[in-house]
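Worksheet: the structure to be examined is printed underneath.
Laboratory data are not the source of any read-out in this text; all were calculated from the coordinates shown. It should be emphasised that the depicted structure is a prediction, and the values quoted were computed from it without experimental measurement. We place every Cβ from the backbone using ideal geometry, glycine too, and count neighbours over all the protein chains shown.
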Amino acid sequence: MLERLAARAPVPLFVAMGRDRAPAVERLLQSADIDVTATPRHASILLVAGRVRDSDQAYLDRIHDQLPHPRATFWWGDEQGDDVDEAQRAASFDDPVISLRALYRNLISGAHASETHRLPDEPPAPWRGKGDHGQGGEGMMGGVPYGRMMPMPPTPDIRDGLALDVYTTQIGPFMPYWPAGLVLEVTFQGDVIQSAEVVQPPYPPRDVDRVPFDRLLHETTALAQIERARAAHHLVCIARLLSLVGLPTLSRRAQILAARVRANETIAIAPLRKAAARSGLTAALAPGLGRIDDRLARELGGPAQRAAGHAIDDRSDNPMYKRLDFTPVTQTQSDCRARLAQWFDEAEQALALVSAAPDAMIGQGALVEAPWALRAPPVDYRLTELLPGLEWSEALLVLNSFDSAALCRMAPLEAP
Amino acid sequence: MTPIVLTVAWVAFLLGMAWYIAVLDGLWSAAREGRPPRAPLANPLYRCATMLRQQSNLTEAPDLLNWRLAPALYAGLAGTGVALVPFSGASVLADLEVGIVWWGAVEALTVVVVFLHGWSANSQLGLIGAYRYVAIGLPVMLISMFVLIAAALPAESLAVPKIIESQRELWNVIRQPLGLPLFLLLGLSLSFRGPFNYADSADIAGGTAAEVSGAPRLVWEFARLAMLTAVATVAASVFLGGYLGPWLPGPVWLVLKTAAVLLALVGLSHQLARISPSRMMTLIWTVLLPLSFVHLVWAGVLAL
């Protein structure tokens, strides 16, 4: 009975986002048959979407071992999974919902055996707690256990000067609402970040977003395709921020819109924007949060630069865009609010361009602004300088107010 | 009603309302996303079965006793909250002269239990959720106390049945218009939903529930729904006249009013964005708390 009921539930899935699979995963998440969990502890299936770096493998194993039994891994479009069971992988172009449901049903009924631990299930060092419930003991202060970095003595909090223990932990690369691939070593005091260091950089912009821009290098490309790619990219960025301020349903709506834009459907962004505004999206982003200085904005280029008030956009010089009276939209404040407004404005403008010139073509090799920050050398300003002093929830908003290209440039550690 | 019938009604009410909230959540999300709902009536049961089928995991050196106790205590607190409320003039499970004080204790102990849940898993994200909950939960509790004392003034009693009887002429929601909206905020905070979900939000991977799976997680999630039910039941009684109403029997009125309050709570939790914990604290201490004090003074002047 229990098994039969459980088998009908949406598949509880934790997504480890690899490279290049993000848009496909976004489509997958729109299925009501899938329940994406915020933590591996709530999931039954670990979905590895796309390629992961060799250096991410240890993190992936640790995530895997946190899934409660019965559990299974599903590889989607990742060559690493080639040696596993047919039931546990799908090619990158397949729609895996049916396979995932079948795998989940078999897992629940016991027909598919639960996976064992990948790492040894033993503590890295003996627990030295002395109390009745394992508490106390030498080197146990602040709740940081053995075998890890000892907490530093209580230091004044950078917010209010109150002396608190600090603790250091690594975050990423598969944390939800976290730039895919990024690993930071963060030192906390309460929920305020004291310092952060980049351990691994985020993945670069996704291939699917780049397709029309890369194609333009070799052949004449439709303006509609380019602008649709821009609108979809921005909608996905907006969706992440919507999730973070506790509006998951609007976030899904934004993702559905992004998928429909990619599928060449005609959509309107204004209703989403209005619903988000009515829900207090702007109020949820404190004014001034994540403000960057003018120099950094200029070095980053792209939407971040225009959100700082600089009307610099390669499309301004393109004859086709000139014919359409294109002028770049800008904001003034250069903070999270401004970057969000910039994404909304640019996405709406992109769709307006599509409807104004549905058949326009852009000549091969023409310079057209990409939806993200410039792909230029790293800036000499670090992501890690933006985070100290922020609460965890604010830090996530700041991180997600940049596109992945901007994050790559601010967290420039070469992938091994 | 005999104590046995009352106890059965109490359990059925808690379970039924928890299911009702879960169904409402599914319908509201689907409507907002613009897609058809997925098996709206049965989906909550399927999810329960999934959690029961999962292993109850362990973390590295948790405080196991407190970790396992916290969900049960939380559900128990919600249960005692509902027990304070009479289903009709003669049927109340816990007829306390100091019902409002008891409810205050429920609120205070909820802060302790939620902190315990986040802390005892021995994990960072759970601990962040716990810290945040205490920071927000404490001031919200003060607001609720002012609001409830205001509601007790016209009744000249701290007993919930007497507060209901004092509303035969005029419901408190009209007499004291700020009371219900402020009390609804408490509901969102006590069960950490929507704009008040600082304990278990997705940005900290589920917060205090980030490490829990299987049956303990089911108890925890049920307890959140039961606590929301308790808040709605108390709100329906203290501000909307509880079982009072024409034509229908008292218990039916209570169920209808509770269901309506729950609809408002679910709507609020889906419609409002969450601001950062520190800004919420500023909002509570500088705007909402003074507002609740003004509300108390207003109610006091009216009662004179």
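Summary table below
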read-out: Calculated diffusion of segment A:196-292, Stokes-Einstein form, Kirkwood radius summed over Cα pairs, 20 °C and 1.002 mPa s, µm²/s; value: 140
read-out: Charge dipole (debye, nearest 20) of the protein assembly as shown; +1 at Cβ of Lys and Arg, -1 at Cβ of Asp and Glu; value: 1640
read-out: Cβ-based exposure ranking for A:LEU29, B:LEU52, in which fewest neighbours within 10 Å come first; value: B:LEU52, A:LEU29
read-out: Neighbouring partner chain Cβ atoms per residue of B:184-195, average, 10 Å criterion; value: 1
read-out: B:VAL113, A:VAL211, B:VAL147 arranged by Cβ crowding within 10 Å, fewest neighbours leading; value: A:VAL211, B:VAL113, B:VAL147
read-out: Per-residue [θ]222 nm for the protein assembly as shown (sum of -39500 (n - 2.57) over DSSP H runs n ≥ 4, rounded to 500); value: -16000 deg cm²/dmol
read-out: By average C-beta atoms within 10 angstrom, highest first, the peptides B:248-256, B:195-203, A:353-361; value: B:195-203, B:248-256, A:353-361
read-out: For segment A:207-410, alpha-carbon Rg over 2.2 N^0.38 Å; value: 0.99
read-out: Shielding of B:40-50 by partner chains, average beta-carbon count, 10 Å; value: 5
read-out: Measure of compaction for segment B:1-73 (Cα Rg per 2.2 N^0.38 Å); value: 1.53
read-out: DSSP-assigned coil residues among GluC sites (Glu not before Pro) in segment A:218-298, each with at most 16 further Cβ atoms within 10 Å; value: A:GLU219, A:GLU265
read-out: FRET efficiency, B:ARG168 to A:SER109 (Cβ-Cβ, R0 56 Å, nearest 0.05); value: 0.45
read-out: Range of Cα positions in chain B per principal axis (Å), largest first; value: 58, 43, 43
read-out: Selection from A:VAL354, A:TRP372, A:ALA307, by position along the positive dipole direction of segment A:207-410 (Cβ); value: A:VAL354
read-out: Span-rule helices in chain B, defined as complete DSSP H runs reaching 24 Å or more along the axis (Cα) with Kyte mean at least -0.5; value: B:3-33, B:64-83, B:99-120, B:124-155, B:215-239, B:250-271
read-out: At 1.306 mPa s and 10 °C, Stokes D of segment B:172-304 from Kirkwood alpha-carbon radius, µm² per second; value: 97
read-out: Peptides A:250-258, B:75-83, B:287-295 ordered by average Cβ neighbours within 10 Å, highest first; value: A:250-258, B:75-83, B:287-295
read-out: For B:120-130, mean number of other protein chain Cβ atoms within 10 Å; value: 4
read-out: The protein assembly as shown: projected area of the alpha-carbon convex hull, averaged over directions, in nm²; value: 33.6
